[in-house]
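Accompanying notes for the structure given below.
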Amino acid sequence: MPIEAPDQPIPLTILTGFLGAGKTTLLNRILRADHGLKVAVMVNDFGSSNCSHFS
């Protein structure tokens with residue numbers, strides 16, 4: 001079954017920032033907000049420590 005391209009572009013937001021900049025707080029607010037949007041999260045974490053836990 002071939003995959004068809006969507007009729008409209010899919011919005012994409014890339015969230016980056018320094019340690020302690022509030023990335024996890026912002027992401028938690030986006031995920032918990034009552035905006036009616038479907039949200040997917042993909043984590044590409046690299047470095048000496050793992051990503052923060054989403055609560």
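The values are calculated or read from the model by the stated rules, or taken from the named source; none is laboratory data. As the structure is a computational prediction, the values presented were derived from the model and not from experiment. So basically every Cβ, Gly included, is an ideal-geometry build from the backbone, and we count neighbours across all protein chains shown.
Inside segment 1-44, residues that are free of Cβ contacts under 8 Å to residues at least 12 places away in the same chain and in contact with a Lys or Arg (Cβ under 8 Å, 6 or more places away or on another chain) make up a count of 2. Within segment 1-29, the set of residues being assigned to a helix (DSSP H, G or I) and of a type in the set (Ser, Thr, Tyr) comprises Thr24, Thr25. In this entry, Gly36 is excluded by the filter for residues that are modelled with pLDDT under 85 and surrounded by fewer than 10 Cβ atoms within 10 Å (Cβ to Cβ). When restricted to residues that are polar (S, T, N, Q) and more than 18 Å from Ala40 (Cβ to Cβ), segment 1-28 contains 1.
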